[in-house]
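Visitor: I have a structure I would like to understand better, so I am pasting it below and will then ask my questions one at a time.
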Amino acid sequence: MRISCVEKIVVYAIGGNALSSPTVFDKSKTALVLANVLSDVIDLLEAGWQVVLTHGNGPQVGHLMSLDSDQPMDEWVAATQGMIGHTIALNLDSILRRRSCPESTSVVLTRVKVDSEDKAFKYPTKPVGRILTDKQVMEEDWDIAETVNGPRRVVASPKPVEILDINVIKALLSSRSIVICCGGGGIPVIENENQLSGVPAVIDKDHLSSMLAVDLNASALIISTAVDGLKKDFATSMQTDIPSIKSSEAQKLLDVGHFPPGSMGPKVQALIDAVSKDSSMKCIICSPGNALKALRGESGTSVVA
């Protein structure tokens, strides 16, 4: 399907941790992050961009799973897509109405096909939920891994194979909607003899956002996260900002463990993957509230071919 509108498309990915911290629940901090995200969207619209929003769900889906472990994980992913998408859409539509803007939002519960033989099902790596107490680590029958913030539950994170609802997303873009989709990496499903079924996993939203940007022929991919860009020697006295980095150099740093797999690693890999498929795409990581500045090269980090 061809997108008829002339505006450039930007895929803007919001981290689940940015919307709800895995270390502490702080409503005021969450409200500030959301306000900065919405400010970014308005800035991008006014600058002539057509916006597609994706978001993570790690803390949220982990919390729901801890309340009811009998509910299938793919259904909790769908639930968090609806919850977070509703919150973003409600706030964004309110701003658009106050400003008499012609755009409106659409939330797409997005299904994503994965490979049932993906090795991720045997080796869970995706952190979900909040930081665990020592008591939880000892008592809970979960897969647990140490992250940069502390021990968290981990679940399977297979690679996305196909966005099943991509034509719906394209159709909504053609009608000038601001599309909120692929939440939490999408609802993971497998196909067997034309039968679709959900599987217990959480797809990494950055990898899926990269695939989505390529599928939409987007002009930009922005990964918005809690830090303002990539750093060398992060959290040391030698820390320095990286305003721009070649994808080959970023891959080298990633391969030697410079960007941790439980936090910045997937974001960097997603940007590398996108720019490797479309060298003209602007691939950026920045903090909420700085999207337009990052596109101008005044903030964040750009990964270039």
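Visitor: Name the strands (runs of 3 or more DSSP E) wholly inside segment 136-221 in which the number of residues that are of a type in the set (D, E, K, R) and within 22 Å of S116 (Cα to Cα) is 2 or more. Show your work before the answer.
Guide: Working: elements: 144-146, 151-155, 160-163, 177-180, 187-192, 195-198.
Fully inside segment 136-221 and qualifying: nothing.
Visitor: Would you mind finding the one in A250, A274 that is in contact with a Cys (Cβ under 8 Å, 6 or more places away or on another chain), part of a helix (DSSP H, G or I) and more than 24 Å from R130 (Cβ to Cβ)?
Guide: Working: A250 fails: in contact with a Cys (Cβ under 8 Å, 6 or more places away or on another chain).
When all the criteria are applied, what remains is A274.
Visitor: Being within 14 Å of the chain's Cα centre (by Cα) and charged (D, E, K, R) narrows it down to one of K267, K252, K277, K282, so name that one. Walk me through how you get there before you give the answer.
Guide: On the way: K252 fails: within 14 Å of the chain's Cα centre (by Cα); K277 fails: within 14 Å of the chain's Cα centre (by Cα); K282 fails: within 14 Å of the chain's Cα centre (by Cα).
On inspection, the qualifying residue turns out to be K267.
Visitor: Name the single residue, out of those in segment 37-58 being under 30 Å from V155 (Cα atoms) and either touching a Lys or Arg at 6+ places or on another chain (Cβ under 6 Å) or among the polar types (S, T, N, Q) (or both), that is modelled with the lowest pLDDT.
Guide: Applying the filter and picking the extreme gives N57.
Visitor: Could you tell me how many of the residues in segment 43-94 are in a helix (DSSP H, G or I) and not hydrophobic (A, V, I, L, M, F, W, C)? Break it down stepwise before answering.
Guide: We begin by selecting, within segment 43-94, every residue in a helix (DSSP H, G or I); these are 43-46, 58-67, 73-94.
Next cut, not hydrophobic (A, V, I, L, M, F, W, C) only: 43, 46, 58-60, 62-63, 66, 74-75, 80-82, 85-87, 91, 93-94.
Selection size over segment 43-94: 19.
Visitor: Filter segment 228-244 for residues that are of a type outside the set (D, E), assigned to a strand (DSSP E or B) and either exposed (fewer than 11 other Cβ atoms within 10 Å of the Cβ) or modelled with pLDDT of 85 or more (or both) and give the result.
Guide: Taking segment 228-244 first, the residues of a type outside the set (D, E) are 229-232, 234-240, 242-244.
Restricting the remaining residues to those that are assigned to a strand (DSSP E or B) gives 231-232, 240, 244.
Selection gives K231, T240, S244.
Visitor: Kindly indicate whether any position in segment 88-106 is in contact with a Gly (Cβ under 7 Å, 6 or more places away or on another chain) and of a type outside the set (S, T, Y).
Guide: At the first step, the residues of segment 88-106 found to be in contact with a Gly (Cβ under 7 Å, 6 or more places away or on another chain) are none.
Looking for residues that are in contact with a Gly (Cβ under 7 Å, 6 or more places away or on another chain) and of a type outside the set (S, T, Y), one finds none in segment 88-106, hence no.
Visitor: Consider S116 carefully, then state whether it is in a helix (DSSP H, G or I) and of a type outside the set (V, I, T). Spell out how you get there, then give the answer.
Guide: Details: in a helix (DSSP H, G or I): no; of a type outside the set (V, I, T): yes.
Answer is no for this residue.
Visitor: Checking the conditions here, which among I88, I84, I131 is over 16 Å from the mean Cα position of the chain (by Cα), among the hydrophobic types (A, V, I, L, M, F, W, C) and within 26 Å of G289 (Cβ to Cβ)? Give the derivation first.
Guide: Numbers: I88 fails: over 16 Å from the mean Cα position of the chain (by Cα); I84 fails: over 16 Å from the mean Cα position of the chain (by Cα).
Answer to the check: I131.
Visitor: Now a separate question. When segment 17-36 is examined, which residues are found to be closer than 24 Å to S66 by Cβ and modelled with pLDDT of 70 or more? Before you say what the answer is, go through the steps one by one.
Guide: Keep residues of segment 17-36 that are closer than 24 Å to S66 by Cβ, which gives 17-31, 33-34.
Once the filter is applied, which keeps residues that are closer than 24 Å to S66 by Cβ and modelled with pLDDT of 70 or more, segment 17-36 yields T30, A31, V33, L34.
Visitor: Is one or more of the residues making up segment 176-193 at positive phi and free of Cβ contacts under 8 Å to residues at least 24 places away in the same chain? Outline the logic, then answer.
Guide: Taking segment 176-193 as the starting set, the residues that turn out to be at positive phi are 176, 182, 184-186, 193.
With the extra rule that they be free of Cβ contacts under 8 Å to residues at least 24 places away in the same chain, the set shrinks to 193.
Yes, the conditions are met somewhere in segment 176-193.
Visitor: Return the residues of segment 64-95 that are touching a residue at least 24 places away in the same chain (Cβ under 8 Å) and hydrophobic (A, V, I, L, M, F, W, C); say none if nothing qualifies.
Guide: M65, M73, V77, A78, I84, I88, A89, L92, I95
The values are calculated or read from the model by the stated rules, or taken from the named source; none is laboratory data. These numbers come from a predicted model, not from an experiment. Cβ coordinates were reconstructed from backbone atoms using ideal geometry, including for glycine residues, and neighbour counts include every protein chain displayed.
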